[in-house]
Every structure is written in C-alpha cells, then in structure tokens.
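Novice: Below you'll find the structure I mean.
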Amino acid sequence: MVSVILIDEDKRILLQHRTDDAPKYPGMWGFFGGGIEENETPLEAAKRECLEEIEYKLKNPKLILKKNTAKGDFFMFIEKYDSSQKLVLHEGQDMKWFKIEEIKQIKTAQFVKEAIEEIAPLINSQT
C-alpha cells in the first residue's frame, strides 16, 4: 500500500472523503493512495494513484514512512503541493485541505490519526 500526502503553503493536508459504500473505511476521511501493482515500485504506485485519483502529477515525492504491517508493507510519501496543477477528484465523494489539529476531530481510520501524529514534526517543518 502507498499513501500520498500533499501539503499546501499553509501546512494543510489534502484528504479524501471516501464514499459511504467504499469497501474499506466507508464514509471516512483518509489519504489518497492504494495498492502496489505487480512489477511496480512504491514510488511508481504513488505517482499512478495520484494521477488516477486526483489528476495530480507528483514531481518530487519524498518517502517519509515505511512500515511492515500484517497486511504487507506500507509506504507514505509527501510532497509540497504545486498550486499550478488543478485537482480533479475521481475517487471518493469529496476532498478537502485540513490542518493537523482538524484531522484529530474528523472521522478517520485510526491508522490515519497515528500516521499524522508520527509525521507531524516533518509536516510542521515544511516551508
């Protein structure tokens, strides 16, 4: 699995509001991303998922978190959002920019809140 965090100039994170009939985490807010296909690197998967889900072309994503989980390896990438690129939502019911404090108050999977806590110092250091 890969997740991508886009961070804007106000240090807000773009999240996806999953549909109410999504097979995983229905109705919750979460990261953009998805599975890694056969013969695909985590970076290639992150780039593909961003294009598929929001028509965003990652330029210089940085790997900030790698975890081995019971469901397989998980990779998280971060990139400063290039506002010259228009975002077009293709998956989920909505997308929205959130400050870290706001994410703690919305309906997300527990792993989203845990990941945000883990990477908060990095996000806060972004300029």
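Novice: Look through the stretch 29-42, keep the residues that are farther than 15 Å from PHE111 by Cα and either free of Cβ contacts under 8 Å to residues at least 12 places away in the same chain or within 13 Å of the chain's Cα centre (by Cα) (or both), and return whichever of them is surrounded by the fewest Cβ atoms within 10 Å (Cβ to Cβ).
Specialist: GLU38
Novice: Something else about it: When you go through (1) outside any strand (DSSP E or B); (2) free of Cβ contacts under 8 Å to residues at least 40 places away in the same chain; (3) open to solvent by 80 Å² or more (accessible area, probe 1.4 Å) one by one for PRO26, which number turns out not to apply?
Specialist: Condition not satisfied by PRO26: (3).
Novice: In addition: Inspect all residues belonging to the stretch 50-66 and state whether any of them is without any contact (Cβ under 8 Å) to a residue 40 or more places away in the chain and surrounded by 15 or more Cβ atoms within 10 Å (Cβ to Cβ).
Specialist: yes
Novice: Considering each of LYS67, LYS96 in turn, give the residue that is assigned to a strand (DSSP E or B), touching a strand residue (DSSP E or B) at 6+ places or on another chain (Cβ under 8 Å), farther than 18 Å from ARG18 by Cα and not aliphatic (A, V, I, L, M).
Specialist: Exactly one residue qualifies, and that residue is LYS67.
Novice: Within the group LYS107, LYS80, which residue is farther than 19 Å from VAL2 by Cβ and either buried (at least 17 other Cβ atoms within 10 Å of the Cβ) or in contact (Cβ under 8 Å) with a residue 24 or more places away in the chain (or both)?
Specialist: On the way: LYS80 fails: farther than 19 Å from VAL2 by Cβ.
The conditions single out LYS107.
Novice: Take ILE123 and tell me if it is within 17 Å of ASP8 (Cα to Cα), in a helix (DSSP H, G or I) and either aromatic (Phe, Trp, Tyr) or open to solvent by less than 50 Å² (accessible area, probe 1.4 Å) (or both).
Specialist: For ILE123, the condition - within 17 Å of ASP8 (Cα to Cα), in a helix (DSSP H, G or I) and either aromatic (Phe, Trp, Tyr) or open to solvent by less than 50 Å² (accessible area, probe 1.4 Å) (or both) - is met.
The values are calculated or read from the model by the stated rules, or taken from the named source; none is laboratory data. It should be emphasised that the depicted structure is a prediction, and the values quoted were computed from it without experimental measurement. A quick note on method: Cβ atoms are made from the backbone with ideal geometry, for glycine too, and the neighbour counts reach across all protein chains shown. The accessibility values were calculated without ligands, DNA or RNA, using every heavy atom of the protein model including side chains. Shrake-Rupley method; radii C 1.70, N 1.55, O 1.52, S 1.80 Å.
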